[in-house]
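Scroll down for the structure; my scribbles are underneath it.
The values are calculated or read from the model by the stated rules, or taken from the named source; none is laboratory data. The model shown is predicted, which means the values in this text are computed figures rather than measured ones. Quick reminder, even Gly has a Cβ in these numbers, built from the backbone with ideal geometry, and neighbours come from all protein chains shown. These area figures cover heavy atoms from the full protein model, side chains too; ligands, DNA and RNA do not enter into them. Shrake-Rupley method; radii C 1.70, N 1.55, O 1.52, S 1.80 Å.
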Amino acid sequence: FSSRRGWNNDPNGLVYLDGEYHLYYQHNPYGWPWGNMHWGHAVSSDLVHWEELPIALYPREFGDWAFSGSAVIDHENLSGFQTGDNPVMVAAYTSTGRGEVIAFSNDRGRTFTEYEGNPVVKHKGRDPKVIWYEPGEHWVMALYHEVDDKRTIAFYTSDDLKNWQYQSL
């Protein structure tokens, strides 16, 4: 996949919902160089043919870019974000001015609403990967973390995708 315009990079939020594979990706829709980070969006029914959709996530303000992250489907609505019958999609990403933030979509990933309680994790690092850990019945977030001049991966857990507890490095 290549976007019709601008610069694209890291795939984010690779997720499947209701017959569609979603590809969210780092995107500068305004030019070819790195910068102005947004999340671009494309969907496919077969992983070969892709339809580019409008920008999924915009920066909150200039300089507070939407960096890399991931997306999950909250089938059990543990977050409480779901409205209607369709499961809610939740994106977790780095807001360069705030930390790790989440946004949710009730229209199959077409538009997102930012969670009012952001940031959900404030630290020195980036790029949250969120998964559902079935044996523990909770969400796990792994993210790049810097502490005491060490670069490592930090792990957090949550029951609702909104309140995260630090577990370990």
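Which members of the stretch 51-61 meet the condition of being touching a His at 6+ places or on another chain (Cβ under 8 Å) and surrounded by fewer than 21 Cβ atoms within 10 Å (Cβ to Cβ)?
Within the stretch 51-61, Glu52, Leu53, Pro54, Ile55, Tyr58, Pro59 meet the criteria.
Per-residue answers, yes or no, for (1) at pLDDT 95 or above; (2) assigned to a strand (DSSP E or B):
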residue: Asn8; (1), (2): no, yes
residue: Tyr30; (1), (2): no, no
residue: Asn36; (1), (2): no, no
residue: His41; (1), (2): yes, yes
residue: Asp46; (1), (2): yes, no
residue: His49; (1), (2): yes, no
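Among the residues of the stretch 116-135, write down those that are surrounded by fewer than 19 Cβ atoms within 10 Å (Cβ to Cβ) and either charged (D, E, K, R) or in contact (Cβ under 8 Å) with a residue 40 or more places away in the chain (or both).
Glu116, Gly117, Lys122, Lys124, Arg126, Lys129, Ile131, Trp132, Glu134
Would you point out which residue out of Val72, Val48 is open to solvent by less than 80 Å² (accessible area, probe 1.4 Å) and on the phi < 0 side of the Ramachandran plot?
After applying the criteria, what remains is Val72.
Check Pro54 against each of (1) more than 13 Å from the chain's Cα centre (by Cα); (2) at pLDDT below 95 and name the one condition it does not meet.
Every listed condition holds for Pro54 apart from (2).
Could you list, in sequence order, all residues of the stretch 1-45 that are open to solvent by 30 Å² or more (accessible area, probe 1.4 Å), under 17 Å from the mean Cα position of the chain (by Cα) and either β-branched (Val, Ile, Thr) or under 22 Å from Thr94 (Cβ atoms) (or both)?
Asn8, Asn9, Asp10, Pro11, Leu14, Asn36
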